[in-house]
Amino acid sequence: MSIKTTLNYSPNFYSFKRKTKEVKFIIFHYTGMKKESVAINRLTNLQSEVGCHYLIKNNGEIITMVPDLYIAWHAGRSSWKNFKSLNKNSIGIEISNPGHQFGYKKFSKKQINSLINLSKFLIKKYKISSKNILGHSDIAPCRKKDPGEKFPWKYLSQNKIGSWHSVKKQKLIKNRTIKIDSINRKYFLNNLFKVGYSNKTPKKINKDKYLKFIINSFQRRYRPELINGKIDKECLLISNNLLK
């Protein structure tokens, strides 16, 4: 199996090669720029110091920007489980989308089909666990919202890409906004840390503020219908299910 891509190399990567076994994660991003051409220019401009391995255009075309075994500068300050600075262990895929700042929109069918094909290819090639397929907001919740609540995580999981829960929709809606006590709140947060969200509050950020960031990130991914930074019974149910 091979993937058809066009080449438009980015200079924004480290010049040394890593070993195949060091590639453990796939990180999804949106470009967050007004125009696709502006995003491509930024990702290939040395001064921007931002790159990625692949970019998926609006029409579904895949551009290779950095070869897999080089470390592209896409994740920035980031952490997941015991991993820090995930650039060194991940492949970064950017998907063309204006993002929250410029009129966030649904990803096109062509983009998602290309993303599925590319992801399956990379998962097989590098033996990547479904639990290690993440969004930028998962690994940098204080800074990032991408790929955002319109990203089809559930649909991807049905195609064996990334994790999702198996709680029935009716049960979820029934428990939405139902408050939980302090014991269950601690239980939920511990679930988040077990899933992989970092339990270390970054410097210069208040702990409560940081916890709200990771709750928002969790909701953006697993409960996109309501992102309010508040823990309710629905969130608890989802987190319990993810750890089964």
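The values are calculated or read from the model by the stated rules, or taken from the named source; none is laboratory data. Keep in mind that what you see is a predicted model, and the values were worked out from it rather than measured. Positions of Cβ are backbone-derived with ideal geometry, glycine not excepted, and every protein chain shown enters the neighbour counts.
To keep it simple, each residue is scored yes or no on (1) in the same structural domain as residue 81 (by TED's automatic domain parsing); (2) within 23 Å of residue 194 (Cβ to Cβ); (3) surrounded by fewer than 23 Cβ atoms within 10 Å (Cβ to Cβ); (4) in contact with a helix residue (DSSP H, G or I) (Cβ under 8 Å, 6 or more places away or on another chain).
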residue: 108; (1), (2), (3), (4): yes, no, yes, no
residue: 114; (1), (2), (3), (4): yes, no, no, no
residue: 118; (1), (2), (3), (4): yes, no, yes, no
residue: 121; (1), (2), (3), (4): yes, no, yes, no
residue: 126; (1), (2), (3), (4): yes, no, yes, yes
residue: 130; (1), (2), (3), (4): yes, yes, yes, yes
residue: 140; (1), (2), (3), (4): yes, yes, no, no
residue: 143; (1), (2), (3), (4): yes, yes, yes, no
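Residue 203 - would you say it is farther than 15 Å from residue 173 by Cα, over 18 Å from the mean Cα position of the chain (by Cα), free of Cβ contacts under 8 Å to residues at least 24 places away in the same chain and assigned to a helix (DSSP H, G or I)?
Numbers: farther than 15 Å from residue 173 by Cα: yes; over 18 Å from the mean Cα position of the chain (by Cα): yes; free of Cβ contacts under 8 Å to residues at least 24 places away in the same chain: yes; assigned to a helix (DSSP H, G or I): no.
Here the answer is no, as residue 203 does not meet what is asked.
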Completion exercise
Of 31, 64, the only residue that is of a type outside the set (Gly, Ala, Ser) and either farther than 26 Å from residue 142 by Cα or over 15 Å from the mean Cα position of the chain (by Cα) (or both) is 64
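Quick one: in segment 69-86, which of the residues that are farther than 13 Å from residue 10 by Cβ and without any contact (Cβ under 8 Å) to a residue 60 or more places away in the chain is farthest from the chain's Cα centre (by Cα)? Full working, then the answer.
At the first step, the residues of segment 69-86 found to be farther than 13 Å from residue 10 by Cβ are 69, 75-86.
Those still in the list that are without any contact (Cβ under 8 Å) to a residue 60 or more places away in the chain too: 69, 82-85.
On the way: 69: 20, 82: 17, 83: 15, 84: 15, 85: 14 Å.
Going through the qualifying residues, I end up with 69.
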Practice task
Identify all residues within segment 1-22 that are of a type in the set (A, V, I, L, M), at pLDDT 95 or above and surrounded by 12 or more Cβ atoms within 10 Å (Cβ to Cβ); write none if there are none.
Solution key: none
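Step by step: first the residues of segment 148-200, then only those that are of a type in the set (S, T, N, Q) and in a helix (DSSP H, G or I), then the one that is farthest from residue 130 (Cα to Cα). Which residue is that?
The initial filter retains those residues of segment 148-200 that are of a type in the set (S, T, N, Q), namely 157-159, 163, 166, 170, 175, 177, 182, 184, 190-191, 198-199.
Within this subset, residues satisfying the condition of being in a helix (DSSP H, G or I) are 157-158, 170, 175, 182, 184, 190-191.
Numbers: 157: 8, 158: 11, 170: 26, 175: 27, 182: 31, 184: 27, 190: 21, 191: 18 Å.
So the residue we want is 182.
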Fill in the blank from the handout: Out of (1) loosely packed, with under 15 Cβ neighbours inside 10 Å; (2) in contact with an Asp or Glu (Cβ under 8 Å, 6 or more places away or on another chain); (3) basic (Lys, Arg), the one residue 88 does not meet is (1)
Practice task
Mind listing just one residue for me: the one in segment 194-205 that is within 20 Å of residue 227 (Cβ to Cβ) and out of contact with any Leu (no Cβ under 6 Å at 6 or more places or on another chain) and, of those, surrounded by the fewest Cβ atoms within 10 Å (Cβ to Cβ)?
Solution key: 205
Exercise for the section: Could you figure out which of (1) assigned to a strand (DSSP E or B); (2) surrounded by 12 or more Cβ atoms within 10 Å (Cβ to Cβ); (3) not hydroxyl-bearing (Ser, Thr, Tyr) isn't true of residue 34? Expected result: (1)
